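A short write-up of the structure that comes next.
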Amino acid sequence: MLKKIKFRWKEKELEGILLPSPEKGRVVVKLDSGYNIEVDEKDIEVVESTEIEKGEEKELEKAEGGEISLLGFGGTISSKVDYETGAVSPTISARELKKSFPELEKIASVDVKQVMEIFSEEMSVEHWEAMAETVYEELKEKEGVVVLHGTDTLGYSAAALSFAIRTPKPVVLVGAQRSSDRPSSDNKLNLLSAVFSAKQDFGEVVVCMHANTSDEFCLLHRGTCVRKDHSSRRDAFRSHNIRELARVHWKGYFEEIEGLKKRAELKLDNSFNDNVALIYAYPGMKGKQIEALSEYDGVVIAGTGLGHVSLEKVGKEIGELVESGLFVYMTTQTEEGPVNLNVYSTGRKLQEMGVEGNMNTMLPETAYVKLCWALGHTKKREEVAEIMKRDIAGELTGKLKYI
């Protein structure tokens, strides 16, 4: 039975619905404004308490089927709000998330583990390798895996897992744009829909996030073709050069749109090289910026348009990088469409220098992750080029997104 309380706190009189508290001695109340407040039990005086009739609700049976692994790696979706300061920190445990969302157990039997407590901007190649190892071990026993992750670099980690793991089961990365105390939080729909997706019959790495600004459903995106396109909107994530893979809502709705990958033998191929750079071309770029990359094993350039840079400003330095044995790969800054180095003289000259990447459709960040992975296996130029040309995890779409 829910309770609505009227209480005094810091000389203010407030009203709201009493919520379950994850900590003994603390009180959490959803205020009439829609926001949550957490205070010390000793600091409030309850003036009035009224039970709220919820009406008849059909009790859902506990879900059947195999167990889903829920792995916490930090980010807003697994963060805790300090109601005194308003700060958000990645300290809420995955077990607290499970307590906060009792619906989880009605979707699937869930095994919860907090693996890391890290904001996604702090992720590195070493974290990708640890993440892939953990997910791989969970896939040996579980029906599917859900990874809770910060949204800023979620696309990078999704790509890394896509290259590192061949999976016969779902691996679903999920995040949240807004913390759980906000009335517009997207964490519930995203999390529950991700768990529901992990019970479906497919075998690849996907990202599950809000489809639009409302709470209608979520979309599944291929892990190598997804990018965060907005800093704060709930529907920030978009698929690029392919359609979204599926529409999903945790209450039982799953509609496949674009060919989810099916069964494959479970395999871990978890070797990355972190000595790779990603650099964006721009007007006025200086040659010394390219020269500074000489100590790297590989460089991904996000070129303008079809994959261009100023040959007058940096052409000589790029050629010298290639001659030194460094692998240079071209992508495009545009959100859709392929690199095409055959159209203009700039592109043809880059190919003559030995720059790779012609006709690829990868996002710059996906190409960066793939080159880290390729150079983790070999540093021989011909072998790296062959890996970059081979479609490993759906990253080379070969077609444009439907309009």
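The values are calculated or read from the model by the stated rules, or taken from the named source; none is laboratory data. Keep in mind it's a predicted model, so treat the numbers as computed, not measured. Cβ: placed from backbone, ideal geometry, glycine included. Neighbour counts: every protein chain shown.
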Name every residue in the range 280-300 that is within 24 Å of Pro338 (Cα to Cα) and either in contact (Cβ under 8 Å) with a residue 40 or more places away in the chain or not assigned by TED's automatic domain parsing to the domain that holds Lys380 (or both), in order of residue number.
-> Tyr280, Ala281, Gly298, Val300
Looking only at the range 306-313, decide whether some residue is of a type outside the set (D, E, K, R), in contact with a strand residue (DSSP E or B) (Cβ under 7 Å, 6 or more places away or on another chain) and more than 15 Å from Leu278 (Cβ to Cβ).
-> yes
Determine whether Thr331 is more than 29 Å from Leu161 (Cα to Cα) and in contact with a strand residue (DSSP E or B) (Cβ under 6 Å, 6 or more places away or on another chain).
-> no
Do we have Thr134 as surrounded by fewer than 22 Cβ atoms within 10 Å (Cβ to Cβ) and either touching a strand residue (DSSP E or B) at 6+ places or on another chain (Cβ under 9 Å) or in contact (Cβ under 8 Å) with a residue 40 or more places away in the chain (or both) here?
-> yes
Look through Glu312, Glu352, Glu336, Glu365 and report the one residue that is of a type outside the set (S, T, N, Q), in a loop (DSSP other than H, G, I, E, B) and either crowded, with 16+ Cβ neighbours inside 10 Å or not assigned by TED's automatic domain parsing to the domain that holds Ala159 (or both).
-> Glu336
Conditions (1) surrounded by fewer than 19 Cβ atoms within 10 Å (Cβ to Cβ); (2) closer than 21 Å to Ile392 by Cα; (3) β-branched (Val, Ile, Thr): number failed by Thr213 = (2)
Going by the conditions given, is Asn212 closer than 21 Å to Leu70 by Cα, in the same structural domain as Leu148 (by TED's automatic domain parsing) and not β-branched (Val, Ile, Thr)?
-> no
Looking at (1) farther than 30 Å from Phe7 by Cα; (2) modelled with pLDDT under 85, which is the one condition that is false for Gly55?
-> (1)
Residues of the range 112-150 satisfying the condition of being part of a helix (DSSP H, G or I) and aliphatic (A, V, I, L, M) | Val125, Ala130, Met131, Ala132, Val135, Leu139
Any chance Pro20 is at pLDDT 65 or above, within 24 Å of Pro170 (Cβ to Cβ) and exposed (fewer than 12 other Cβ atoms within 10 Å of the Cβ) = no
Out of (1) assigned to a loop (DSSP other than H, G, I, E, B); (2) at pLDDT below 80; (3) in contact with a strand residue (DSSP E or B) (Cβ under 7 Å, 6 or more places away or on another chain), the odd one out for Arg95 is which?
-> (1)
In this structure, is Thr378 out of contact with any strand residue (DSSP E or B) (no Cβ under 9 Å at 6 or more places or on another chain) and farther than 20 Å from Gly223 by Cβ?
-> yes
Output for Cβ contacts, cut-off 6 Å, separation at least six or different chains, first residue in contact (Cβ under 8 Å) with a residue 24 or more places away in the chain in the range 152-163, second polar (S, T, N, Q) and in a helix (DSSP H, G or I), reads Asp152/Ser120; Thr153/Ser120; Ala159/Thr366
Could you list all residues from the range 224-247 that are among the aliphatic types (A, V, I, L, M) and surrounded by 20 or more Cβ atoms within 10 Å (Cβ to Cβ)?
-> Val226, Ile242, Leu245, Ala246
